[in-house]
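A short write-up of the structure that comes next.
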Amino acid sequence: MMKNVLTVLLAFVCTYGTANADVVGFNFSGAVIYSDSFPDTQVDSLVTGSFNYDLNSAITIDSVNYAPGEVSTYIYNAPNAFVANINGHTLSSNTLKYTLFANVTGNVGDHFVISAYNVQLDGVSTDGGTLGFSLGSFLASSDALVNASQPKNLDLALFDQPAFNYASYHSPTGATLLQFSVLSLSPVAAPVPEPETYLMMLLGLGLMGFAVKRRKLSA
């Protein structure tokens with residue numbers, strides 16, 4: 001019985017730590033540069049948002065090697081998400097495709113691109129609206145992306161083409177309804193465990209210590 005309890009607690013501790021270490025997230029801010037029929041929005045309106053991805057949850061991976069450079073595509077579903085907040089309205093999606101261009105020559109360089117499908121506006125389906133989010137550098141030597149693997153960190157300063165650091169929201173017919181620049185990018189802090197989680201971990205460690213001590217006394 002004691003052995004089973006210890007096994008479960010140890011598995012819980014390991015799983016919790018690993019799961020949180022594998023989720024990468026970023027907050028961003030920007031400003032509207034174009035608006036057509038998007039509600040309550042004008043040029044220079046503030047945009048804030050976030051996106052995240054689990055390094056182990058890509059369901060489709062496609063990689064192409066160039067000389068030099070590589071391009072990789074990763075597909076994610078919920079709970080991975082992209083969210084943008086504009087003047088009290090929210091664009092969101094859980095159907096995401098990440099495309100990474102790393103060290104590709106021929107005026108491509110490094111690009112980090114998110115394509116969001118089945119976009120919702122204020123929690124309501126747009127019946128096929130899409131959103132694209134892009135960070136770009138034309139210099140293959142910029143090291144904005146070291147390779148085409150899912151990055152654990154992104155430095156906006158290394159994506160040195162501001163004109164390509166932007167996002168676009170499109171209607172189901174492909175019409176552009178909103179565009180905004182990306183002006184800041186910062187990693188999301190790792191979640192702090194709840195007190196109950198700490199208690200479980202401490203109980204697990206205590207039980208493990210007790211079991212080791214009991215085994216020594218029995219020997």
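The values are calculated or read from the model by the stated rules, or taken from the named source; none is laboratory data. Note that the structure is a prediction, hence the values are computed from the model and not measured. Every residue, glycine among them, receives a Cβ derived from its backbone with ideal geometry; neighbour counts consider all protein chains shown.
Report whether or not Leu121 is within 26 Å of Asn27 (Cβ to Cβ), modelled with pLDDT of 95 or more, touching a Phe, Trp or Tyr at 6+ places or on another chain (Cβ under 6 Å) and not β-branched (Val, Ile, Thr). Spelling it out, it is not the case that Leu121 is within 26 Å of Asn27 (Cβ to Cβ), modelled with pLDDT of 95 or more, touching a Phe, Trp or Tyr at 6+ places or on another chain (Cβ under 6 Å) and not β-branched (Val, Ile, Thr).
Using the structure shown, decide if Ala148 is out of contact with any Leu (no Cβ under 7 Å at 6 or more places or on another chain) and not basic (Lys, Arg). Outline the logic, then answer.
On the way: out of contact with any Leu (no Cβ under 7 Å at 6 or more places or on another chain): no; not basic (Lys, Arg): yes.
So Ala148 does not fit the description; no.
Whether a residue is modelled with pLDDT under 90, outside any helix (DSSP H, G or I) and touching a Gly at 6+ places or on another chain (Cβ under 7 Å) was assessed, and Ala189 does not pass this test.
In the range 166-180, which residues are more than 20 Å from the chain's Cα centre (by Cα), hydroxyl-bearing (Ser, Thr, Tyr) and either closer than 16 Å to Ser92 by Cα or assigned to a strand (DSSP E or B) (or both)? Within the range 166-180, Ser171, Thr176 qualify. Here Asp127, Asp110 are screened, and the one residue that is buried (at least 21 other Cβ atoms within 10 Å of the Cβ) and either among the acidic types (Asp, Glu) or outside any strand (DSSP E or B) (or both) is Asp110.
Identify, please: which residue in the range 157-175 is surrounded by 14 or more Cβ atoms within 10 Å (Cβ to Cβ) and at pLDDT 95 or above and is, among those, farthest from Asp54 (Cα to Cα)? Only one residue fits best here, namely Ser171. With respect to the stated conditions, Asp44 fails to be buried (at least 18 other Cβ atoms within 10 Å of the Cβ), among the acidic types (Asp, Glu) and either part of a loop (DSSP other than H, G, I, E, B) or within 18 Å of the chain's Cα centre (by Cα) (or both).
Let me confirm something: among Phe38, Phe101, which residue is under 24 Å from Ser184 (Cβ atoms), touching a strand residue (DSSP E or B) at 6+ places or on another chain (Cβ under 6 Å), in a strand (DSSP E or B) and not hydroxyl-bearing (Ser, Thr, Tyr)? First the steps, then the outcome.
Numbers: Phe38 fails: in a strand (DSSP E or B).
Unique residue meeting the criteria: Phe101.
For Gly136, the requirement of being of a type in the set (Gly, Ala, Ser) and over 14 Å from the mean Cα position of the chain (by Cα) is met.
On the given criteria, is Gly136 crowded, with 18+ Cβ neighbours inside 10 Å and touching a helix residue (DSSP H, G or I) at 6+ places or on another chain (Cβ under 8 Å)? When the stated conditions are applied, Gly136 passes them. Does the range 63-77 contain at least one residue that is in contact (Cβ under 8 Å) with a residue 24 or more places away in the chain, under 18 Å from Asp122 (Cα atoms), in contact with a Gly (Cβ under 9 Å, 6 or more places away or on another chain) and of a type in the set (Phe, Trp, Tyr)? No, because not a single residue in the range 63-77 is in contact (Cβ under 8 Å) with a residue 24 or more places away in the chain, under 18 Å from Asp122 (Cα atoms), in contact with a Gly (Cβ under 9 Å, 6 or more places away or on another chain) and of a type in the set (Phe, Trp, Tyr). Just one of (1) surrounded by 21 or more Cβ atoms within 10 Å (Cβ to Cβ); (2) within 26 Å of Asn56 (Cα to Cα); (3) not small (Gly, Ala, Ser) fails for Lys152. It is (1).
Across the range 113-124, the number of residues qualifying as in a loop (DSSP other than H, G, I, E, B) and either free of Cβ contacts under 8 Å to residues at least 12 places away in the same chain or among the acidic types (Asp, Glu) (or both) comes to 1.
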